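Enquirer: Below is the structure I would like to discuss, written out as structure tokens.
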Amino acid sequence: MERKLKEVDAMAANHMDNGFYGQDIISVGQFDRTKLDYILNVADEMKVVVERFGGVNLLQGKILANLFYEPSTRTSSSFMAAMLRLGGQVIPINNVQYSSVTKGESLPDTVRTLESYADIIVIRHPEVGSAATAARYAGKPVINAGDGVGEHPTQALLDLYTIVEGLGEVGGLKVAMVGDLKFGRTVHSLTKLLVNYPVEFIFVSPDILRMPKDVLDVVDASGHLYEESEDVHDMIGDVDVLYVTRVQKERFTDLAEYDQVKDRYVVDPELMARAKERMIVMHPLPRVNEISYAIDNDPRAAYFRQMRNGMYIRMALLAAVLGKA
Ligand code: NCD
């Protein structure tokens, strides 16, 4: 996609050559190893800043428009917390039913409106490609917080950060993704991001929820190996990362189909007893039934750490895009 330098406060910018300054963040395809290392390092710094001081006034005077057309707890509140901890402010639009969207306003017009008040726009929307559309119309940077079944790039970055934090490095890992690989945008983005590293993939899903061809094509083109399976028990003993997903009920047109597959995989103490001692269980959350509460205190359960890391990654992205990291 077109990568134009967006209108940001050039006078205030002191880190304009970081590769992120003034850019939209729409897809994980925009990241190479240099950019990934950069963002992970800045996120590490943000973590230290939050732990020591609670925050830092890097983005004072900046405003984020947080535009959510789909439900969200973690993504929307962590973007807000990230902006507030950097000294910036937020226009939260979580209930689009109370905005002019209900009056029939188009996405381009909503985006044009918000950019007259804000310096950066975060958007979650049910349609694939919506964030790219918003970015095309906006003169200010746009960050994709989930475009339907398409991508969720900031989630993939926090997932990567959590893998590095938990296991030290990514190279050589066997990564299993389990559950709804068809509709789960987090696994689309994470897979496309992990092809930057020498990993092996195992995709575990019911047949009707297999990983889409366009994602498998990216894996193939990168020369990585992958296996597909319907059974989690076969491979649990071999994996370093077990990335579990919720079956995305809201994406099904036939709820009878959803009922057939909804409880296919459950990670419980019995399954964990067969897993390696050094591995991590991840989940973007929310969970429904796919991870038993009985493993929450297992040191291998990384999903609550993932959630916290989201704020550090989003602080790093906001600062980098606004030229302050
Ligand atoms: C995910 C999403 O919205 O795609 N949640 C999140 O952002 N943490 C996963 C999901 O809803 O299942």
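The values are calculated or read from the model by the stated rules, or taken from the named source; none is laboratory data. Just so you know, these numbers come straight off a predicted model, no measurement behind them. All Cβ positions, glycine included, derive from the backbone under ideal geometry; neighbour counts span all protein chains shown.
Enquirer: Within region 126-200, which helices (runs of 4 or more DSSP H) (wholly inside it) include 3 or more residues that are away from the ligand (no atom under 16 Å from the Cβ) and surrounded by fewer than 24 Cβ atoms within 10 Å (Cβ to Cβ)?
Expert: The qualifying helices (runs of 4 or more DSSP H) are 130-137, 153-167.
Enquirer: In region 94-130, what residues are closer than 30 Å to residue 54 by Cβ and at pLDDT below 95?
Expert: 94, 95 - these are the residues of region 94-130 that are closer than 30 Å to residue 54 by Cβ and at pLDDT below 95.
Enquirer: While we're here: Quick check on my filter: what residues within region 237-266 are closer than 22 Å to residue 163 by Cα and either within 13 Å of the ligand (Cβ to nearest atom) or free of Cβ contacts under 8 Å to residues at least 60 places away in the same chain (or both)?
Expert: 237, 243, 244, 245, 246, 266
Enquirer: Could you check region 36-88 and list, in sequence order, the residues that are charged (D, E, K, R), over 19 Å from residue 157 (Cα atoms) and within 14 Å of the ligand (Cβ to nearest atom)?
Expert: Hit for region 36-88 is 70, nothing else.
Enquirer: Further question on the same structure: Do you know which residues across region 280-297 are in a loop (DSSP other than H, G, I, E, B) and either without any contact (Cβ under 8 Å) to a residue 60 or more places away in the chain or hydroxyl-bearing (Ser, Thr, Tyr) (or both)?
Expert: 283, 287, 288, 289, 292, 296, 297
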